[in-house]
Amino acid sequence: MKGMGTSHGAATIVNAIANGKGAAFGLDLKTEATVELTEGEGINVTMDGLVGESTALVERCVLGVLERVGSGKRYHAEVRTSSQIPVSRGLKSSSAAANAVVLATLDALNVEMDLVDAVRIGTRAAIDAGVSVTGAFDDACACALGGVVLTDNRSEEILFHGPMPDYFRALIYVPPFQVRKASLPRKRMAAVKGLVDLAFEVAQEGDYFRALTLNGMCYSVALGLDQEAAVKAMMSGALAAGLTGTGPALVMLVVEDKVREFREAMAGYELIEARVRNPEGGA
């Protein structure tokens, strides 16, 4: 029994770690997974281009599906993933991988499930695997559904889902280092809760650009990350610029016909370009 699953990347508007509520929007970066189930036991994982990375999340996703809908049968799983999303940079590589693997496992079992219920299997697997502090329900929903999502990650409730303005491109600067969840300074992040609350309120009002920029400033200070690129991006005409996830990647939103001019102004920064991915037919 063989199944396939696809999910996409996303970027942060408001990070949920400080207050439990988050906001994110979908990007067109893609992650794909195949899962082949045979009689037996064990899980073998191949992640293309990611030799040496932990496979704990992938394994927990497969087990989560089998525990939920596997009818008590024992399976050996061969799993392969491939992705356009850089790992541990804040671009939701874990959420996209979890979604894709869960969907591929469901497909292998020929089981249909509500998409948000499938997402919840992945968010719980992310906590179990230690790759997420909150389960990143906001990120996982943005990856799966597209558009903007505002969520309460503690109750895994979607508070809002709608389209993101798509007249801009996301330009992403990815510094050459990773920020691992195990090393996060939790007390410093908790200290910026009041300002993160404000950023979430601004996002609820629909001002995603200000919310994204304010959130990025708060978490960059808490994490001790340099904000020079974000400030330069705003000086160079970005509508918004801020840390995505816990970084270190920085997402900058630039009007489409200003992208070339913006790239010239940001010479010296290698930028990944992505489009907004909105839900088909609206939310």
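Per-residue answers, yes or no, for (1) touching a strand residue (DSSP E or B) at 6+ places or on another chain (Cβ under 7 Å); (2) under 27 Å from Leu159 (Cα atoms):
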| site | (1), (2) |
| --- | --- |
| Leu198 | no, yes |
| Gly206 | no, yes |
| Leu214 | no, yes |
| Val221 | no, no |
| Gly224 | no, no |
| Ala230 | yes, no |
Would you be able to say whether some residue in segment 259-271 is at positive phi and surrounded by 21 or more Cβ atoms within 10 Å (Cβ to Cβ)?
no
Of everything in segment 128-180, what is polar (S, T, N, Q), within 18 Å of Leu250 (Cα to Cα) and touching a helix residue (DSSP H, G or I) at 6+ places or on another chain (Cβ under 6 Å)? Give them in sequence order.
none
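Within segment 11-30, is even one residue touching a helix residue (DSSP H, G or I) at 6+ places or on another chain (Cβ under 9 Å) and over 30 Å from Glu205 (Cβ atoms)?
yes
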Kindly check whether there is at least one residue in segment 40-56 that is over 14 Å from Ala98 (Cβ atoms), surrounded by 20 or more Cβ atoms within 10 Å (Cβ to Cβ) and of a type in the set (S, T, N, Q).
no
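Since every read-out is calculated from the coordinates, none of them should be taken as a lab result. Please read these numbers as outputs of a predicted model, since none were measured by experiment. So basically every Cβ, Gly included, is an ideal-geometry build from the backbone, and we count neighbours across all protein chains shown.
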